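Asks: Next up is a structure, given as structure tokens.
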Amino acid sequence: MQEDRFAGRVLVVEDCPTNQLLISLLLERLGLEVTLAGDGKEAVDIALSQAFDLIFMDMQMPNMNGYDATKALRKNSLTIPIVALTAYAMKGDREKCIFAGCDDYLAKPIKREKLIQIIRKYLPSKSEPEFEAGRLSRFFSGEKSTGEPKYESANVQGREAIISWSVIMEACGTEDMVEEIVGMFLKDAPRCMELAGEAVESKNLKDLKLYAHRLKGSAGYVGAVQLSEVCRRLECAADEKDIEAAALLFSDVKEAFEKVMSFLSRDNWIELAKQQGNSKQAERAAIK
Ligand code: MN
């Protein structure tokens, strides 16, 4: 495997702490300089006052979402590439991103390899001469994405496991990164669940959609494929303003969440997840 090292200043706009941590660690390990913004408003302020070479923009955020932030940046003549981070839960999300002014999109949960593919398109590698941070517009060819914008739902291979080792490794790349991301999940997810529960109680579908979305993303990163999938359904029900379906789905989410939490709080969960992954592989090999 070749070593991927890039140069440039990247602004990451993302409201979920787990996602923030994962993407910034991945980018820093690729040699990039990372600045974080927690919502669209902050992103607009920072992006218009400092020089960046690339922006990763989450689309669903409180205060100002990614669509409005991107539109505002384009209106202010900012031309650097903006890559939408989107979970494609809703139909037409991708078109909306491009319409808002994004150049490309990256499906969540983010996978290291896909992230590198995108960066390779927009940023020079460290070995390229004449690099000048913050002045990369000239490297940007204006080429539109030729990538494979398929609907990316939970990985089918790992569907049976509570935590799919292959999915979590695909996102994190290394085991120490896995531990860091899971640590963040254990801190952030319970609060997110609590808020989602309150939103169900008070029939606040707007909040419910936001928390279901956030939980779906975090669950995806830690390889909790079932949890992520039920959160996706909950998010859709909330989006469609179906309070009855949402209440039912919330109890599924709760059940899946408790399984994930008890699995992840075991001291040897990494070993268990690896073992489950291996036995699934062996089963598949036996069938072939
Ligand atoms: Mn978000």
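Asks: To the nearest 0.05, what FRET efficiency results for residue 68 and residue 179 with a Förster distance of 41 Å applied to their C-beta separation? Write down the numbers at each step before the final one.
Replies: Details: r = 36 Å, r/R0 = 0.87.
The pair residue 68/residue 179 has a calculated efficiency of 0.70.
Asks: Points 7 angstrom from Cα along the Cβ direction at residue 275 and residue 99: gap in nanometres?
Replies: 5.1
Asks: What is the calculated FRET efficiency for residue 79 to residue 206, with r their C-beta to C-beta distance and R₀ = 30 Å, to the nearest 0.05? All intermediate terms of the calculation are to be shown ahead of the outcome.
Replies: Details: r = 33 Å, r/R0 = 1.10.
After rounding to 0.05, the efficiency reads 0.35.
Asks: Taking R0 as 35 Å, what FRET efficiency do you get between residue 266 and residue 240 from their Cβ-Cβ distance, rounded to the nearest 0.05?
Replies: Working: r = 37 Å, r/R0 = 1.05.
It comes out at approximately 0.45.
Asks: If each residue's Cβ is checked for other Cβ atoms within 10 Å, how do 172, 236, 231 rank with the fewest at the top?
Replies: Numbers: 172 24, 236 18, 231 33.
So the residues, fewest neighbours to most, are 236, 172, 231.
Asks: Please report, in debye to the nearest 20, how large the charge dipole of the range 1-106 is about its Cα centre when each Lys and Arg carries +1 at its beta carbon and each Asp and Glu carries -1 there. Please list the in-between numbers first.
Replies: Values: 10 positive and 16 negative charges, 60 e Å.
My answer is approximately 280 debye.
Asks: Another question about this same structure. Quick one: order 116, 80 by neighbouring beta-carbon count within 10 Å, fewest to most.
Replies: Numbers: 116 14, 80 21.
By the 10 Å Cβ count, ascending, the order reads 116, 80.
Asks: Arranged by the count of other C-beta atoms within 10 angstrom, fewest first, what order do 225, 178 take? Don't skip to the end; give the middle numbers.
Replies: Values: 225 27, 178 21.
Result, fewest neighbours first: 178, 225.
Here, each number is a calculation from the coordinates, and none is a lab measurement. Note that the structure is predicted; figures quoted are calculated from it, not measured. Here the Cβ is made from the backbone with ideal geometry for all residues, glycine too, and neighbour counts use every protein chain on show.
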